[in-house]
Amino acid sequence: MKADVTVIGGGPGGLVSALFAKRNGAKRVLILEREDELGGILKQCIHNGFGLELFKKDLTGPEYAERLIDDINKEGVDYMLDTMAIHLSKDRTITAVNSKHGVFNIDSKSIVLAMGCRERARGNLVIPGTRPAGIYTAGVAQRFINIDGYLPGKEVVILGSGDIGLIMARRLTLEGAKVKGVYEIMNHPGGLKRNIVQCLNDFDIPLYLSHTVMEIKGKDRVTGVIVAKVDGKMQPIKGTEEFVKCDTLLLSVGLIPENELSKEANIEISSNTKGPVMTETMETSVLGIFSSGNVSVVFDLVDYVAETGVIAGKNAAEFAKEKWENKKFINILPGKNVGILFPQMYSYRDDLVIFFRSKKWIEKTVDIEIQPLNMKMRRFYARPNEMIRIKILKDKLLSVKDDITVSIKEVKE
Amino acid sequence: MIKHFTCVICPMGCEIDAEEEKGKIISLKGNKCARGKEFVVQELEEPLRVLTTTVRIEGAEFNMLPVRTDKPIPKRLIPVIMEDIAKIEINAPVKMYKVIVKNIAGTKVNIIATRSM
C-alpha cells in the first residue's frame with residue numbers, strides 16, 4: 001500500500017494533521033486508527049470548554065470531534081478503522097494489522113505521529129496494599145460512565161488533581177456517587193483553576209493539597225484508603241495518617257506520551273517532554289517523520305494539540321511533494337524557571353510556536369524573556385499547570401545564529 | 001458581608017473579594033478586568049452553568065448519547081434536571097444538535113445531542 005502522508009492515530013492531533021496535509025496538496029492522506037471510530041479521547045470528554053481558541057466557540061469534546069470528522073469526509077481523507085500500527089521503520093514504512101488485510105505494509109512519503117498519550121496507572125505510583133477491584137484511572141472511569149453507561153463506584157476517593165480527575169469528580173457527583181475528596185501530593189493543584197471552581201467548589205468537594213494515598217485497603221473490593229499529609233520533600237508525615245472509607249479509588253496522576261512506535265524508528269526522545277525531539281515544523285529527528293499533539297508533549301488544551309496538527313500536516317504535505325534535508329539548526333533551551341519546553345529545535349523553515357511550563361508556582365508579575373531576541377513579555381503570574389504559548393515570526397528569527405533560551409523572571413516590585 | 005469568588009471567565013482566575021449588601025455590590029477587590037465584575041454580579045444574582053451529561057440510547061453502537069443544555073441554566077436546578085434526564089431513553093439514529101428534551105424543568109432551555117449516533 002502507498003500513501004503520500006500517513007497519520008498514525010485518529011484523535012484530534014491526527015485528524016487536524018490529516019486535514020491540513022490534504023489542504024496543503026498531499027494527494028493520498030491516510031489515517032490509521034486502532035479504535036472503531038475516529039475522534040480519540042474527545043468522544044468521552046462530554047464536558048464543554050473545548051474550542052475557545054480554534055473555533056471561537058464553547059464546544060464539548062464530541063462536538064469538536066464531529067466537526068473535524070465532517071471535514072475529513074468532505075475533503076476526501078482516507079482512513080482505516082480497527083487498524084493497529086505495529087511497527088515503524090526509519091525509511092517511512094509502517095507495518096499495520098487489521099481483520100480485513102491481515103498484516104500489511106504502507107510505504108509513505110511522509111508520516112505524522114499522532115498516537116497521543118496514556119494515563120499513569122497504579123503501577124507507576126507504587127502504592128502499597130492489596131489488589132482489590134475498584135481502582136481505576138480517571139480516564140477509564142470516564143469511559144465507563146460517558147460511553148458505556150456504568151457507574152464505577154458509589155464512594156470515591158480521587159488521587160491527583162489533574163484535569164481529568166477534577167472533571168470526573170463533578171461527573172461522578174452528578175451521577176449520584178459521593179466523592180470524598182481529591183488528594184494532591186503537590187502544594188498546588190495539577191489541573192486548571194476553572195476546573196477547581198466549576199468541578200470541586202460548585203459541588204462542595206474538598207481538595208486536600210500536600211496529601212497522598214499511602215495504602216489501599218480491601219480484599220475483593222476497595223474498602224478504603226489511608227491518606228497522609230506530606231512534607232516539603234513530598235514524604236508522608238508520621239502521625240497524620242487517616243483512614244478514608246471508599247469503594248473506589250480514581251487515579252489522575254499525569255499522562256505519558258505513547259512513543260513505542262517512535263522508538264522503533266530510532267526517533268530521538270526528549271527526557272524533558274517524553275516525546276520526540278522536534279523542530280518548529282513538527283519534524284522529528286528522523287527525516288520525513290513528523291509528530292503532532294500529545295505524543296509530542298502533553299498539552300493542556302485540545303486547541304494547542306490542533307495547532308501542532310496544522311503545522312505538522314502542512315509540513316508533511318510539503319515534504320511528500322519535495323523531500324528536504326535540514327542543513328542548519330539551533331537549539332531552543334529552557335532557561336530560568338522553565339520546566340517543560342517544546343519544540344526543542346529551530347530549522348529556519350517556519351514561524352516558531354513555543355510551548356512551555358513554569359517550574360515554579362509564581363503568583364506575581366513575571367517577565368518572559370527570549371534571548372538572543374531581546375523579547376520580553378510581562379504576565380501577571382506563571383503557574384506550572386498552565387502552559388504558556390508564544391509565537392515568533394520567521395522574519396525575526398532568520399538572523400539569529402545562537403541557541404534560543406526561554407526564561408521566566410520574577411519582577412522585583 | 002464579604003464574599004469570595006474565583007472568576008472562571010478566562011484562565012487567569014482572579015480571586016475576587018466582593019463586599020455585598022442585599023445582593024448589591026458595594027466594592028470589589030482583586031478583579032483585573034471588567035468581565036470579573038460581570039461574573040460576580042451574575043454569581044450573586046443567579047449562578048449559571050452549562051450542564052453536560054448523557055442519556056440512554058437504544059439501537060446505537062454505544063449505550064450513552066452525550067447531551068448538554070443549549071444555554072447556561074441556574075446552578076441550583078442541576079439536581080432536578082439530572083433526575084428528569086435520567087428517565088429519558090431515546091432511539092438511534094440521532095443527529096448532532098437534535099433537541100432531546102424541550103424546555104427542561106420549565107427553564108425554556110433545551111437538552112440537545114452533542115454528537116450523531
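The values are calculated or read from the model by the stated rules, or taken from the named source; none is laboratory data. What you are looking at is a predicted structure, and each value in this text was computed from that prediction instead of being measured. Counting neighbours? That spans all protein chains shown, and the Cβs are built from the backbone with ideal geometry, glycine included. With ligands, DNA and RNA removed, areas are computed over all heavy atoms of the protein, side chains included. Shrake-Rupley method; radii C 1.70, N 1.55, O 1.52, S 1.80 Å.
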So how many residues does region A:14-54 have that are in a helix (DSSP H, G or I), more than 12 Å from every other protein chain (Cβ to nearest Cβ) and either more than 20 Å from A:M168 (Cα to Cα) or aliphatic (A, V, I, L, M) (or both)?
11
Being buried (at least 21 other Cβ atoms within 10 Å of the Cβ) and farther than 23 Å from B:N63 by Cα is the filter here, so list the residues in region A:29-53 that pass it.
A:V29, A:L30, A:I31, A:L32, A:G49, A:F50
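Being crowded, with 16+ Cβ neighbours inside 10 Å, among the hydrophobic types (A, V, I, L, M, F, W, C), touching a Lys or Arg at 6+ places or on another chain (Cβ under 9 Å) and outside any loop (DSSP other than H, G, I, E, B) narrows it down to one residue among A:I94, A:I111; which is it?
Details: A:I94 fails: touching a Lys or Arg at 6+ places or on another chain (Cβ under 9 Å).
Of A:I94, A:I111, the one residue that is crowded, with 16+ Cβ neighbours inside 10 Å, among the hydrophobic types (A, V, I, L, M, F, W, C), touching a Lys or Arg at 6+ places or on another chain (Cβ under 9 Å) and outside any loop (DSSP other than H, G, I, E, B) is A:I111.
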Flagged pairs (Cβ under 7 angstrom, 6 or more apart or on separate chains; first in region B:22-47, within 18 Å of B:M12 (Cα to Cα) and touching a residue at least 24 places away in the same chain (Cβ under 8 Å); second open to solvent by 50 Å² or more (accessible area, probe 1.4 Å) and outside any helix (DSSP H, G or I)) are B:R35/B:I9; B:G36/B:I9; B:F39/B:I9; B:V40/B:I25
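Tally up the residues in region A:339-377 that are among the hydroxyl-bearing types (S, T, Y), farther than 21 Å from A:V286 by Cα and touching a helix residue (DSSP H, G or I) at 6+ places or on another chain (Cβ under 7 Å), please. Lay out the reasoning, then the answer.
Looking only at region A:339-377, we keep the residues that are among the hydroxyl-bearing types (S, T, Y), and these are A:346-348, A:358, A:365.
Okay, now just the ones that are also farther than 21 Å from A:V286 by Cα, so A:358, A:365.
The next check asks that each one be touching a helix residue (DSSP H, G or I) at 6+ places or on another chain (Cβ under 7 Å); those that pass are none.
Total satisfying the criteria: 0.
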In region A:116-131, which residue that is open to solvent by 60 Å² or more (accessible area, probe 1.4 Å) and more than 16 Å from A:T223 (Cβ to Cβ) is nearest to the other protein chains (Cβ to nearest Cβ)?
A:R118
Would you check which residues across region A:132-151 are touching a helix residue (DSSP H, G or I) at 6+ places or on another chain (Cβ under 9 Å), open to solvent by less than 40 Å² (accessible area, probe 1.4 Å) and within 14 Å of chain B (Cβ to nearest Cβ) and list them?
A:A141, A:Q142, A:I145, A:N146, A:I147
For region B:73-105: of the residues being facing chain A (nearest Cβ under 10 Å) and within 17 Å of A:N48 (Cα to Cα), which is most open to solvent (accessible area, probe 1.4 Å)?
B:Y97
Tally up the residues in region B:9-66 that are under 21 Å from A:G149 (Cβ atoms) and either within 13 Å of chain A (Cβ to nearest Cβ) or at pLDDT below 90 (or both), please.
15
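Do the conditions hold for A:G11, that is, is it closer than 27 Å to A:G288 by Cα and more than 14 Å from chain B (Cβ to nearest Cβ)? Before the answer, list the steps.
Numbers: closer than 27 Å to A:G288 by Cα: yes; more than 14 Å from chain B (Cβ to nearest Cβ): yes.
Considered against the rule, which asks whether it is closer than 27 Å to A:G288 by Cα and more than 14 Å from chain B (Cβ to nearest Cβ), A:G11 comes out as yes.
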